[in-house]
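The values are calculated or read from the model by the stated rules, or taken from the named source; none is laboratory data. Treat the numbers as computed from the prediction; the structure is a model and nothing was measured. No Cβ is skipped: glycine too gets one built from the backbone with ideal geometry, and neighbour counts run over all protein chains shown.
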Amino acid sequence: MWSIIPQSYRRRAIGVAATIFLRALLNFVGVAMLIPVLTLILDGDSFTSNEYLRNIYSWLDVNSFESFAVIVCVAVVAVILIKNIAILGLYRWERNYIYALYRHLSKALFISYHRRGFGFVKQQNSAVLTRNVNVVSLMFVAGVLKPIATIIGEVLLLTLIFVALLWYSPLAALLAVGLFLPIVAIFYLALRRKLHDIGERENVAQRTKSRVVAECFRGYADVEIGGAFPYMFKRFEAAMNEVVSLRKRNATIGMLPQMFTEVGLAVGLVALVMLSVLNHSDNVALMFGIFAVAAIRLIPSVRGIMSSWSTIRYNRYAIDTLADIDVADDDSVVENGERMTFERTIELRNVDFRFEDADSNTINDLSLTINKGERLGIRGSSGVGKTTLFNLILGLYRPTNGEILVDGVRLSDDNIRSWQNAIGYVSQSVFIADMTLAENIAFGCDVKDIDYERVNKVIELANLKEFVASLSDGVNSRIGEQGSRISGGQRQRIGIARALYKGCDVLFFDEATSSLDDKTEENINNAIRRLSTDNRSLTIVVIAHRDSSLEYCDRIITLR
């Protein structure tokens with residue numbers, strides 16, 4: 001757990017530890033302040049027989065026991081009130097730390113996953129990554145660290161109460177330990193593995209539930225046409241039933257600490273009375289009362305310790321998830337608008353590429369030069385590595401061997417962002433966010449920073465004017481998640497408009513027309529041809545299966 005917490009938050013944890021100690025001390029003061037009141041109630045002569053009360057009585061110089069009792073009660077109420085106000089302030093400090101850490105971990109986890117690159121993201125389930133970023137980080141701070149703070153605070157308080165009881169009545173102190181320590185030990189031994197297993201199982205069930213819902217909506221058309229919704233719903237229902245069942249079991253376990261401690265209190269009070277009677281003690285009432293006052297705070301403390309421990313065991317999966325991730329102190333994302341210049345060539349020199357789980361190279365000893373202003377076509381059978389080659393040039397993958405250079409400058413982690421700022425990319429299925437058309441074209445820009453004049457210009461260049469005219473709110477119309485309200489041809493044109501808005505030097509098309517009908521494909525190809533003709537300095541690299549999509553290219557290479 002300590003390794004998960006970033007260095008800067010470890011230093012702040014020292015201050016939080018101090019607030020936990022102060023809270024325990026203040027809670028002890030709150031309990032201790034009840035003793036004078038109890039003593040006065042059960043022993044009216046204590047203000048003269050008890051040394052401490054007698055000194056206070058003399059210092060106050062009051063005329064009667066009644067006046068003294070009123071002053072003591074008012075003082076006790078005032079101290080307890082001030083104590084609670086102070087505890088609220090300390091708790092606020094702890095709470096701010098806990099949720100600041102959650103905010104940091106969630107952001108850092110998001111950044112960490114992003115920095116692992118395209119290969120990592122492709123191998124993972126997006127629903128699992130989403131849950132880790134949004135839920136697991138919260139469970140770590142709220143379901144692990146916060147209960148740990150509770151346990152530490154309650155243990156400190158119990159220690160103080162035990163020491164006080166030991167000083168006043170060793171018999172009552174030993175009785176408290178003899179009752180509550182076995183209760184905690186039995187609870188721990190009986191449930192430690194069960195709670196961890198329940199937490200792990202619920203995490204798996206929650207992931208399954210999230211994944212089924214995401215897949216169902218993402219593939220709605222296929223699910224509906226294939227009649228797969230009943231099957232998907234059964235999977236969802238099974239995961240939901242598992243979550244409900246586990247939650248009910250956990251809720252039942254959550255009631256056990258209260259039951260255990262109440263039984264322990266009852267046994268303790270009975271035992272104390274019996275021992276006092278058997279010993280013919282004249283101070284039974286006072287000892288009974290003091291033990292009862294201590295038990296008033298002992299019960300919630302012991303119950304809090306057991307409940308917090310249960311919560312930690314239940315959410316332990318969060319520790320395992322975050323322990324595998326290097327969460328840095330820095331949770332900021334710096335925008336890099338620097339743009340690499342491209343004046344001459346893009347060169348691939350003896351490039352190899354192999355996926356981590358593959359036995360052989362996908363790309364093997366490939367050398368290639370792309371000249372500025374060239375219209376280059378790339379073709380080849382499925383699985384030969386065309387898209388992998390694109391991802392290498394785009395900087396989404398890193399070569400296993402060899403190098404890629406732009407105007408003689410080697411692409412590396414230090415300059416890849418600058419290179420990507422200079423290029424545009426239109427895939428077979430252009431990503432469309434659930435935003436307005438203008439936001440999708442100026443993708444990555446804040447709404448307030450969108451240049452609508454440029455948006456309208458690239459809409460015309462991408463032959464989208466007619467489509468925009470048909471929208472109720474024009475460029476400010478929302479076009480649905482993943483472009484659910486637009487056609488395939490419109491989606492590709494939006495991708496072209498996005499690349500043009502960026503003002504790219506190189507435009508990459510990866511099977512951009514393969515899923516379109518012949519007429520739409522011809523229109524898209526004509527639009528690309530016009531772009532190239534109007535701007536001969538624009539370099540265009542195209543992957544396509546059909547030769548008709550490569551007719552306007554200056555050069556075509558075939559991958560085998």
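In table form, for the structure just shown:
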{"quantity": "Failed item in (1) modelled with pLDDT under 80; (2) surrounded by fewer than 18 Cβ atoms within 10 Å (Cβ to Cβ), with Val155 passing the rest", "calculated": "(1)"}
{"quantity": "Candidates Ile80, Ile98, Ile71, Ile85, filtered to the one that is surrounded by fewer than 12 Cβ atoms within 10 Å (Cβ to Cβ), modelled with pLDDT of 65 or more and under 55 Å from the mean Cα position of the chain (by Cα)", "calculated": "Ile85"}
{"quantity": "Within region 349-365, considering residues that are surrounded by 14 or more Cβ atoms within 10 Å (Cβ to Cβ) and out of contact with any Asp or Glu (no Cβ under 8 Å at 6 or more places or on another chain), the one nearest to Ile557 (Cα to Cα)", "calculated": "Thr362"}
{"quantity": "All positions within region 358-380 that are in contact (Cβ under 8 Å) with a residue 60 or more places away in the chain and not hydrophobic (A, V, I, L, M, F, W, C)", "calculated": "Asn371, Lys372, Gly373, Glu374, Arg375, Gly377, Arg379, Gly380"}
{"quantity": "Residue within region 220-230 that is at pLDDT 75 or above and surrounded by 15 or more Cβ atoms within 10 Å (Cβ to Cβ) present", "calculated": "no"}
{"quantity": "Residues of region 369-379 that turn out to be assigned to a strand (DSSP E or B) and buried (at least 16 other Cβ atoms within 10 Å of the Cβ), as a count", "calculated": "6"}
{"quantity": "2 or more residues at pLDDT 80 or above and closer than 30 Å to Tyr99 by Cα: qualifying helices (runs of 4 or more DSSP H) within region 7-59", "calculated": "7-32"}
{"quantity": "Leading residue by the ranking (modelled with the lowest pLDDT) among those in region 515-527 that are touching a Lys or Arg at 6+ places or on another chain (Cβ under 9 Å) and either small (Gly, Ala, Ser) or buried (at least 20 other Cβ atoms within 10 Å of the Cβ) (or both)", "calculated": "Glu521"}
{"quantity": "Number of positions in region 353-368 that are in a strand (DSSP E or B) and not aromatic (Phe, Trp, Tyr)", "calculated": "6"}
{"quantity": "Answer residue from region 493-514, given it is at pLDDT below 80 and buried (at least 24 other Cβ atoms within 10 Å of the Cβ) and is nearest to the chain's Cα centre (by Cα) among those", "calculated": "Ala512"}
{"quantity": "Which listed residue, of Val384, Val409, Val430, is in contact (Cβ under 8 Å) with a residue 12 or more places away in the chain, β-branched (Val, Ile, Thr) and crowded, with 19+ Cβ neighbours inside 10 Å", "calculated": "Val430"}
{"quantity": "Residue list for region 441-457, restricted to those being modelled with pLDDT of 85 or more and of a type outside the set (D, E, K, R)", "calculated": "Ile441, Ala442, Ile450, Tyr452, Val455, Asn456"}
{"quantity": "Unique residue being in contact with a Pro (Cβ under 8 Å, 6 or more places away or on another chain), modelled with pLDDT under 85 and either among the hydrophobic types (A, V, I, L, M, F, W, C) or not in a helix (DSSP H, G or I) (or both) when the list is Phe187, Phe120, Phe162", "calculated": "Phe187"}
{"quantity": "Where a residue in region 133-159 is under 23 Å from Ile299 (Cβ atoms) and basic (Lys, Arg) and its partner, wherever it lies, is at pLDDT 85 or above and surrounded by fewer than 20 Cβ atoms within 10 Å (Cβ to Cβ), with Cβ under 6 Å and at least six apart", "calculated": "Lys146/Ile98"}
{"quantity": "Filter result for Leu145 (in a helix (DSSP H, G or I) and either under 22 Å from Tyr9 (Cα atoms) or among the small types (Gly, Ala, Ser) (or both))", "calculated": "yes"}
{"quantity": "Among (1) part of a helix (DSSP H, G or I); (2) touching a strand residue (DSSP E or B) at 6+ places or on another chain (Cβ under 9 Å); (3) of a type outside the set (Ser, Thr, Tyr), the one test that Cys504 misses", "calculated": "(1)"}
